[in-house]
Amino acid sequence: MADVEFEKIKRPENIKLPFMLDFYPLEDEKNTRISQFFANLKKGRLTTTKCQQCSKSLWPPRIVCPNCLSDKLEWADLGVEGELYAFTETKLGAPLGFVQDAPFCIGIVKIGGLLISARIDNAKYEDLKIGEKVKLKIVELEDGRIFYRFRRIN
Amino acid sequence: MRKVAVIGGGATKCGKREATWRELVQEAGKAMFDNVDNISPKDVEALLVGAAQPERFAFQVHVAPMVAEHLGIIPRKVISTTELMCASGQAAIRYAWACIASGIADVAVAFGVEKMYMPDMAEAQTNMACVLDREWDGVNAMSAPPFFAMTAQRHMHEFGTTKEQMALVSVKNHHYSTMNPIAQFQKEVTLEKALQSPMVAPPLNLFDCSGITDGAAGVIMVPAEDAKKYTDSPMWITGSGQANIGNAINNLASFTEWVPLKMAVKEALRTAKISVNEIDIAELHDCFTISEIMEYEALGLCEKGRGGKFIEDGGPYIGGKIAVNPRGGLLGCGHPLGATAILQTFDILQQFRGEVPKGRHVKDGNVAVAHNLSGAANVHSLMVYARG
Ligand SMILES: CC(C)(COP(=O)(O)OP(=O)(O)OC[C@H]1O[C@@H](n2cnc3c(N)ncnc32)[C@H](O)[C@@H]1OP(=O)(O)O)[C@@H](O)C(=O)NCCC(=O)NCCS
Ligand SMILES: [Zn+2]
């Protein structure tokens, strides 16, 4: 053994979930110009931006319409009931932060004329059917942020 | 525009490698330069490096200069990383081609590399879930397997495609990859084994999915008139097509018809001045079995909705209507994101040169296409190659 110094160094055992591993968006008005979406969601309303110039309903919510480039957008309700267009169940390959939930269902929900992706709660893959009705559900994170999901009605 | 030649290439073995990102680069780079006579790294004027997520998989950015440093390349005309997720390598090929065709550079390297195995594989899956719209799709854990599972579900629902038909794609590509010494998976897969493999995201089983893969590869391009200085058997780039519509899942033009693929195919055939019947080899992006089935349809190899029947009838085998993925595909060879397109291109060159094992050699193959999709299949990229 050569005559050199060996020293054990320490690093923190636990670190707060870093931003780069957090899938949920920053929701308040200090961080985003679509904070209204989350404020509406807090009241149980799923909304999105609709272009006042070309009337196109835009998902996800935006600040400029990609169809006509207008920035005159208004909030419109999508409703709380949708229809399953496609679905699956994540059994293997769940990302960090979702591993503890697996297996869980996810799908594409037809709602307010849009097709949007979402977690489908209260369901097993075998029970679901294309065309089945699903209802809006809202989940709250520990830090107060919220997000939408859908759930099986029956 | 100048006509462009691919004059050689090299690749690493793909799979779960006991090697770091930069070691993969060195292995593939050495193999590439060893493959071509009369060229040295100092001759390379343009270097394009396809790398999808080095900042997440290897915690390193500014990677094109890193490749240059490790291979002794001193780029004087163009240097950049190219990112287009699963098509990142093809982006490198397209820009290298443009550098030569335009006259900006006289020697260009299109390189590709990805190190995907991580100590905690859930972290690798996290990376794969920020490809679609992270805040609106990824947040729902929407990564590639669930997206393609739903695509398969819709295709089964609308056209009656079966799980057996999808599994046949896996059987075919794993068969060819048994004859590819650099493939990740080199064991035959039977229909029964494919159908009984663990469920990933129904209706997709493990063998319906390409894997998580480490690998790197590179190819060298020069103007066609210079090709004979380096090789008697160059490969010409004769056409290309690329199209994109949207990114997030909700913005798809359709789930069961890849509209941008049809656009890209049309443009590739137009620029190469060929019809689809003239293609001998098609390296199609089989990230999942359903992808290859939908690609038969979009290429016009069969009627819409009949892709499952097309493989049942032996259409995409060597000796069938067209040889699809005689390399072994992504399903058999693995899918090291940034390297995949380069691996396809190098294999086509070796096909033309008769350097691949007999059992997967397409005899008298003169025209080939290489295709990659990326994201929620909303970008499609194609290159057309011809034997020189
Ligand atoms: C499908 C997936 C989730 C499976 O991940 P996993 O559960 O961690 O599975 P592993 O990688 O540990 O593989 C399990 C076993 O099956 C084998 N295997 C995996 N895929 C295989 C394939 N296509 N063919 C043959 N064997 C395969 C592995 O070698 C491993 O064998 P071992 O246990 O003997 O080592 C993962 O491979 C994946 O995410 N694939 C898709 C990658 C992707 O999204 N690419 C972008 C496409 S657009
Ligand atoms: Zn508008």
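The values are calculated or read from the model by the stated rules, or taken from the named source; none is laboratory data. Bear in mind that the values here come from a model prediction, so they are computed numbers and not experimental data. In this analysis, Cβ positions are derived from the backbone assuming ideal geometry, glycine residues included, and neighbour counts consider all displayed protein chains. Heads up: the accessible areas ignore ligands, DNA and RNA and are worked out on the full protein's heavy atoms, side chains in. Shrake-Rupley method; radii C 1.70, N 1.55, O 1.52, S 1.80 Å.
In the range A:49-69, the residues whose accessible area drops by at least 30 square angstrom when the other protein chains are added to the isolated chain are A:W59, A:P60; the probe is 1.4 Å and only protein heavy atoms count.
The angle separating the long axis of helix B:163-177 from the principal Cα axis of greatest extent in chain B is about 30 degrees. Element breakdown for the range A:79-154 at a 1.4 angstrom probe: carbon and sulfur atoms account for 49% of the accessible area. Amide H contacts for A:K137 (H built 1.01 Å from N in the peptide plane; partners 5 or more residues away or on another chain; cut-off under 5 Å): A:R149, A:F150, A:R151. Across the range B:331-339, coupling constants 3J(HN,Hα) worked out from phi with the 6.51/-1.76/1.60 Karplus curve, θ = phi - 60°, read 4, x, 8, x, 9, x, 2, x, 8 Hz, and Gly and Pro carry x.
In this structure the amide hydrogen of B:T81, modeled in the peptide plane, comes within under 5 Å of the amide hydrogens of B:V49, B:A64, none closer than 5 places in sequence on its chain. Split the accessible area of the range B:126-181 by element, probe 1.4 Å, and carbon with sulfur accounts for 57%.
Averaging over all projection directions, the Cα-based convex hull of chain A occupies 14.8 nm² in the image plane.
For peptide A:12-24, the mean count of partner chain Cβ atoms within 10 Å of a residue's Cβ comes to 2. Sequentially through the range B:82-89, phi angles give Karplus couplings (6.51, -1.76, 1.60; θ = phi - 60°) of 10, 10, 8, 6, 5, 9, 4, x Hz, Gly and Pro residues having no value and appearing as x. For the segment B:192-202, counting C-beta atoms of other chains within 10 Å of every residue's C-beta and taking the mean gives 3.
Per residue of peptide B:141-153, the mean number of Cβ atoms on other chains within 10 Å of the residue Cβ is 6.
Based on DSSP H segments of at least four residues, each scored -39500 (n - 2.57), the protein assembly as shown has a per-residue ellipticity at 222 nm of -8000 deg cm²/dmol. Using only alpha-carbon positions in chain B, the gyration tensor eigenvalues give semi-axes of 30, 23, 19 Å once each is multiplied by 5 and square-rooted (largest first). Against the main long axis of the alpha-carbon atoms of chain B, helix B:289-299 sits at an angle near 70°.
Modelled spin labels at B:R76 and A:K133, positioned 7 Å past Cα toward Cβ, are 7.3 nm from each other.
Round to the nearest 10 and give me the degree value, 0 to 90, for the angle of helix B:259-272's Cα axis relative to the longest principal axis of chain B. Helix B:259-272 sits roughly 40 degrees off the main axis of chain B. Between the chain alone and the structure with every protein chain in place, find the residues of the range A:77-101 that drop at least 40 Å² of accessible area; heavy atoms, 1.4 Å probe. Buried-area filter returns A:Y85, A:T88, A:K91, A:L92, A:G93, A:P95, A:L96. For the range A:140-154, putting each phi into the Karplus relation 6.51 cos²θ - 1.76 cosθ + 1.60 with θ = phi - 60° gives couplings of 10, 7, 4, 8, x, 5, 10, 8, 8, 9, 10, 9, 5, 7, 6 Hz, in residue order, rounded to whole numbers and with x for Gly and Pro.
A simple packing score, the average count of other Cβ atoms within 10 Å per residue, orders the peptides B:198-206, A:86-94, B:296-304, B:115-123 as A:86-94, B:198-206, B:296-304, B:115-123, with the highest score first. The calculated FRET efficiency for B:E303 paired with A:E7, based on their beta-carbon distance and R0 = 45 Å, is about 0.05. For the chain pair A and B, the interface hides roughly 3200 square angstrom of accessible area in total, found with a 1.4 Å probe. Accessible surface calculations at 1.4 Å, restricted to protein heavy atoms, place chain B at 34 Å² per residue. Contact with the other protein chains removes 30 Å² or more of accessible area, compared with the isolated chain and a 1.4 Å probe, from these residues of the range B:228-272: B:N250, B:F255. Geometric descriptor of the range B:158-199, per residue, is 81 Å³ (volume of the convex hull of the Cα atoms). So if I take the centroid of the Cα atoms in the range A:6-71 and the same for the range B:257-317, what is the distance between those two points in Å? The range A:6-71 and the range B:257-317 have Cα centres spaced 38 Å from each other.
D by Stokes-Einstein for the range B:237-314, Kirkwood Rh over Cα pairs, 25 °C, 0.890 mPa s: 183 µm²/s.
Counting protein heavy atoms only, the range A:27-77 has 43 percent of its accessible area on carbon and sulfur, 1.4 angstrom probe. Backbone N atoms of the range B:291-320 closer than 17 Å to the 7 Å Cα→Cβ label point of B:S275 belong to residues B:299-303.
The Stokes-Einstein estimate for the protein assembly as shown, based on a Kirkwood radius over Cα pairs and taken at 25 °C with 0.890 mPa s viscosity, is a diffusion coefficient of 101 µm²/s.
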